[in-house]
Amino acid sequence: HDGMAFSTEDTDNDLHRRHCAQENKGGWWFNSCFSSHLNGVYHTGWYTTPAHSPFSDGIVWYT
């Protein structure tokens, strides 16, 4: 994500074929989608990724 332009739901600046900000419901410095996404949806309580999507739309920080 270093050196990437900020992507938003209406401006796709990532390098992935999909529109990462739109798909993950929040802006970020996406490259090939993400390993961290602190601007995702804030879910209260337990959240399970929808079966139709392999990605979470919530706040994510993979280490």
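The values are calculated or read from the model by the stated rules, or taken from the named source; none is laboratory data. Because the structure is predicted, anything quoted here is derived from the model rather than measured.
Structure above, values below:
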| quantity | calculated |
| --- | --- |
| Residue satisfying all of: in the range 5-18; within 17 Å of residue 59 (Cα to Cα) and in a loop (DSSP other than H, G, I, E, B); modelled with the highest pLDDT among these | 6 |
| Total residues in the range 34-63, condition modelled with pLDDT of 75 or more, over 10 Å from residue 24 (Cα atoms) and among the aliphatic types (A, V, I, L, M) | 1 |
